[in-house]
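Rule-based calculations on the coordinates, nothing more; no lab input. If you're wondering where the values come from, they're calculated on a predicted model, not measured in any experiment. Glycine gets a Cβ as well: all are built from the backbone with ideal geometry, and neighbour counts include every protein chain shown.
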Amino acid sequence: MKTTAFSILMVIAVLNSYTQNYRIIFAGTGASTSIDSVKIENLSQCTSMSLGGSDTLILASSVGINEESHPNDYRLNIYPNPSSGYCSAEFEANSSGNVSILLYDISGKMVLQKKEFINEGPQMFVMHGIHAGVYNLNIESTGYLYTAKLISTASFPDQPAAVNIEPSGGTKMGHYLLGPTTLKDSRKIKSLIYMQYNAGDTLKLTGKSGIYRTVSMLIPNQSQTVTFNFVQCTDADSNHYAVIQIGSQLWMQENLKTTKYRDGSDIPNVTDSAAWGNLSTGAWCDYHNLPSEGEYYGHLYNFYAVADTRNICPLGWHVASNHEWNVIEKFLDPTVDTNALGGTGHLIGRILKKGCVTRWEYMDSTYGLNAVGFTALCTNYRTATGSWSLAPDNNHDGSFWTATSHDANSAWFRSLRWCYNDIYSLFSYKRGGSSVRCIKDN
């Protein structure tokens, strides 16, 4: 018992922090309304974590069990704290309405959830039978959210914990049991997951539901619900692609990696350089013919595969045209000249490129920010003669075919370059090998 109490008291010193937190919950719509998991990437700090779709993300300037107050400096006060298993809690309700009282253990597992209707004004309730441990107590309602740490040094080996909830006037609101009965089905348990966050950080959120994945970008400034719109995007090889809405367009958020046309017929994999340079029909390859490149960066295709009437994109999708690339370019960077031949735009390159640890890191002033989640990779390319692009450590360019021909031998493409912040718009030989992004049909 002394050892347990000492350990808990030591935790208090570590977790004695006070901060304004943001609470993020998740919902689904479209092809699915359930969420299996969410991957959270803080692009400003280059950190990431995953959580269950029913879990709650708490963004905090310091990670641990934090106290949180209403903007008007109302507080959730618990006393005594630490307690011997019995304590009182007080808070101020700034409006009448339903309130949720939630208790989580230090692992983030919920051990109590209760909803009540309360009136505006000061509130008090008492808790007893709380087993030894460190907990997070949360009071949630429309317009306010309070969080405070709760420490218990008590042990009740044969007694489930219980809570009496009483308003400040002393009228009993209920008697509620805690204990193993609330933990029978772990699939129904919601966790409170903390992630370190600084004001202005950009988050990339990838929600997954079965075969569907949707990306949502967020710079949080309040607690909110993030709703993922799930959309079918599956190619003839049964590869399932994440999607992202950028302005009025819904894009694949990954490079294409199919080896088949939509009707199931094969797209030839041509590895020999001389054979590649003589092609006038569709083909694909991996950079330097390395399968690991294709798995992560997607395959490289010649334009003949892009233009084949059997269709290279998933059903309901198509290769973005030159005009559709112009739309996203002007939406993201007004300095882009859609009539330019060559490099254009002051910011578009950094906006589209993947950030953090990538092959774009060659120059500090031109690496990616991935500000809208497009996540353009440094894929490199294959030339019309079958040779490979060359640069230090293979850190060079990434290029995308458009669906638009220029003439009988060339077609329009877009390139992002390791040493520039622009986007390169020009036409190139159709025998060249570039990446492909598909866009949703209107």
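Miscellaneous remarks
- Dipole magnitude for the stretch 277-380: computed about the Cα centre from +1 point charges on Lys and Arg Cβ and -1 point charges on Asp and Glu Cβ, it is near 80 debye.
- Treating each Cα of the stretch 242-440 as one equal point scatterer and applying the Debye formula with no solvent, the log10 of I(q)/I(0) at q = 0.08 Å⁻¹ comes out as -0.23.
- Efficiency of FRET between residue 363 and residue 106 - r from beta-carbon atoms, R0 41 angstrom, step 0.05: 0.40
- Packing-based ranking of 225-233, 340-348 yields 225-233, 340-348, ordered from highest to lowest mean Cβ neighbour count within 10 Å.
- With each label modelled as a point 7 angstrom along the Cα→C-beta vector, the residue 46-residue 265 pair spans 4.6 nm.
- For the peptides 50-56, 202-208, 300-306, the ranking by mean Cβ contacts within 10 Å, running from highest to lowest, is 300-306, 202-208, 50-56.
- Estimated FRET transfer efficiency (residue 331, residue 90; beta-carbon r; R0 51 Å; 0.05): 0.55
- Counted charge near residue 401, where neighbours are those whose Cβ lies closer than 11 Å (Asp, Glu -1; Lys, Arg +1): +3
- Overall form of the stretch 363-442 per C-alpha gyration tensor (a/c, 1.5; a/b vs b/c): oblate
- Each label was represented as a point 7 Å from its Cα along the Cα-to-Cβ direction; for residue 278 and residue 338 these points are 4.2 nm apart.
- Prolate/oblate/rounded call for the stretch 79-131, Cα gyration tensor, a/c under 1.5 rounded: oblate
- Loop-located GluC sites (Glu not before Pro) in the stretch 95-155, at most 11 other Cβ atoms within 10 Å (DSSP): 120
- Environment charge of residue 308, counting only residues whose C-beta is closer than 12 Å and scoring Lys/Arg +1, Asp/Glu -1: +2
- When the square roots of the Cα gyration tensor eigenvalues are ordered a ≥ b ≥ c, the ratio a/c for the stretch 223-313 is 1.5 or more and a/b exceeds b/c, which makes its shape prolate.
- Taking Cβ atoms as reference points and 10 Å as the exclusive limit, the residues near residue 424 contribute a net charge of 0, counting Lys and Arg as +1 and Asp and Glu as -1.
- For residue 115 and residue 307, the difference between the fully extended length at 0.36 nm per residue and the C-alpha to C-alpha distance is 63.3 nm.
- Between the stretch 367-385 and the stretch 404-442, the Cα center-to-center distance that results, in Å: 12 Å
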